[in-house]
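Structure record follows, encoded as structure tokens.
The values are calculated or read from the model by the stated rules, or taken from the named source; none is laboratory data. Quick caveat: nothing in here was measured; it's all calculated off a predicted structure. Cβ placement follows ideal geometry from the backbone for every residue including glycine, while neighbour counts extend to all protein chains displayed.
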Amino acid sequence: MRIAPVFLFDLDGTLVDSVYQHVLAWKEALDAEGIALSVWRIHRRIGMSGGLFMNQLLRETGLEISHERRERLRFGHTAAYRRMAGSVRPLPGAREVLAWLTEAEIPWAIATSGRMETAAPNLAALGVDPGRSVVVTRDQVERAKPDPDLFIAAAERLGASPERAVVIGDSIWDMLAAIRCRALGVGLMSGGYGVAELQQAGACRVYDDPADLLNHIDEIGGRR
């Protein structure tokens with residue numbers, strides 16, 4: 001008997017074209033606190049948990065950041081992102097790949113390092129109802145990427161072990177989390193990381209975007 005895989009998708013940069021809105025929202029929040037950090041350095045950290053982002057920020061700037069300041073940065077990012085969320089669109093093929101998996105009766109879920117407060121408009125743009133589909137956000141786990149908690153929780157909610165999962169993500173943080181839960185990591189370049197970076201982080205295959213993934217889905221176990 002063939003054991004079909006389950007597909008676990010990251011959200012930002014994987015299914016929706018939202019990475020640069022997140023970058024600019026963090027830049028706005030940092031500027032409001034008088035913290036100078038180059039945009040490219042922010043981009044390299046999109047996809048990791050907010051707490052790890054703050055730890056990296058400490059190393060980058062040498063600043064002492066109090067709990068209160070961390071909270072202001074988080075809320076500042078959320079407020080700025082929600083103002084920009086109207087420009088977020090699904091990536092090419094995103095809706096189609098989810099529809100294909102649904103029709104093929106292959107279980108899928110979304111697991112994002114974002115909290116529901118920022119994930120909600122992205123899910124709406126994608127046409128995914130978190131009340132009807134499996135969606136795991138940062139609010140629901142102890143640690144986010146590169147820890148594997150999000151993908152483990154998503155697989156469990158699909159009734160599968162993480163070893164059966166194909167993790168689709170656009171960042172090195174997704175691939176590192178996939179390795180840590182013994183899932184198969186598949187990278188997309190739609191979030192700004194290159195082929196070599198994703199492969200070095202553990203991706204067994206790399207595609208341009210969800211449309212390219214759908215064209216090659218049989219390569220990673222997607223069969224009707």
In the set ALA124, ALA104, ALA109, the lone residue that is on the phi < 0 side of the Ramachandran plot and free of Cβ contacts under 8 Å to residues at least 24 places away in the same chain is ALA124
Check on VAL135, buried (at least 17 other Cβ atoms within 10 Å of the Cβ), in contact with a Leu (Cβ under 6 Å, 6 or more places away or on another chain) and outside any loop (DSSP other than H, G, I, E, B)
no
For ASN55, the lone unmet condition from (1) assigned to a helix (DSSP H, G or I); (2) out of contact with any Leu (no Cβ under 6 Å at 6 or more places or on another chain); (3) surrounded by 15 or more Cβ atoms within 10 Å (Cβ to Cβ) is (3)
Here is a list: VAL166, VAL186. Which entry is in the same structural domain as LEU198 (by TED's automatic domain parsing) and surrounded by fewer than 24 Cβ atoms within 10 Å (Cβ to Cβ)?
VAL166
Quick check, is LEU37 in contact with a Lys or Arg (Cβ under 9 Å, 6 or more places away or on another chain), in a loop (DSSP other than H, G, I, E, B) and more than 23 Å from LEU213 (Cβ to Cβ)?
yes
Looking at ILE65 and the list (1) touching a residue at least 60 places away in the same chain (Cβ under 8 Å); (2) surrounded by 16 or more Cβ atoms within 10 Å (Cβ to Cβ); (3) not hydroxyl-bearing (Ser, Thr, Tyr), which single condition is not satisfied?
(1)
Criterion violated by ILE179 - all others in (1) surrounded by 24 or more Cβ atoms within 10 Å (Cβ to Cβ); (2) aliphatic (A, V, I, L, M); (3) modelled with pLDDT of 95 or more satisfied
(1)
Using the structure shown, decide if ALA36 is crowded, with 18+ Cβ neighbours inside 10 Å and modelled with pLDDT of 85 or more.
no
